[in-house]
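Worksheet: the structure to be examined is printed underneath.
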């Protein structure tokens, strides 16, 4: 059986600056009708900046939906049609004040595939050079360096709840273990 669901009609319920929300009419693989609630999002990037001292550079910022300060790797949303690599380099410098001689895409992350089409592009950066951070006007954050091994332990203890950050921390640690990154 083919698992593909066919969209019959897209019905926009809300169109906003960051997301659009749809309530679509669709067809299941067996031909029966169904409805699907979908959040459209242009996607984002997340960067794991690794220092020469084997530390990751994190940011702490207040995340309104959770009403708490969250420890994350530098990240940001994409503008429609924006190149994710350029966006990742921009976010790295804006949020942490660093540029990277080595900047590599290592995959993508689907944060909530049940209802949201957001794709987060994952990057690792090393051979860092310090510049000047310049966060967005409405962006308030603190930069913090954490040794990679400690970051892995924090993920394992549940101290880093952000999924994209968990994924990148563990992937970078495995890349180091395999000698892909020195």
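In table form, for the structure just shown:
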item	result
Complete set of residues in the range 151-169 that are under 30 Å from residue 38 (Cα atoms) and either crowded, with 17+ Cβ neighbours inside 10 Å or touching a helix residue (DSSP H, G or I) at 6+ places or on another chain (Cβ under 6 Å) (or both)	155, 160, 162, 164, 165, 166, 167, 168, 169
Condition met for residue 92 (out of contact with any helix residue (DSSP H, G or I) (no Cβ under 8 Å at 6 or more places or on another chain) and modelled with pLDDT of 95 or more)	yes
Residue within the range 111-125 that is under 26 Å from residue 69 (Cβ atoms), without any contact (Cβ under 8 Å) to a residue 60 or more places away in the chain and in contact with a helix residue (DSSP H, G or I) (Cβ under 7 Å, 6 or more places away or on another chain) present	yes
Any hit, the range 173-180, residues being touching a residue at least 24 places away in the same chain (Cβ under 8 Å) and loosely packed, with under 12 Cβ neighbours inside 10 Å	no
Of all residues making up the range 152-176, the number that are assigned to a helix (DSSP H, G or I) and within 23 Å of residue 118 (Cα to Cα)	11
Test: residue in the range 74-88 that is in a strand (DSSP E or B) and buried (at least 22 other Cβ atoms within 10 Å of the Cβ)	yes
Residue in the range 31-38 that is part of a strand (DSSP E or B) and either touching a helix residue (DSSP H, G or I) at 6+ places or on another chain (Cβ under 6 Å) or surrounded by 17 or more Cβ atoms within 10 Å (Cβ to Cβ) (or both) present	yes
Every residue from the range 10-30 that is part of a loop (DSSP other than H, G, I, E, B) and either crowded, with 17+ Cβ neighbours inside 10 Å or out of contact with any strand residue (DSSP E or B) (no Cβ under 8 Å at 6 or more places or on another chain) (or both)	16, 17, 29, 30
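The values are calculated or read from the model by the stated rules, or taken from the named source; none is laboratory data. For clarity, every value in this text was computed on a predicted model and none was experimentally measured. In this analysis, Cβ positions are derived from the backbone assuming ideal geometry, glycine residues included, and neighbour counts consider all displayed protein chains.
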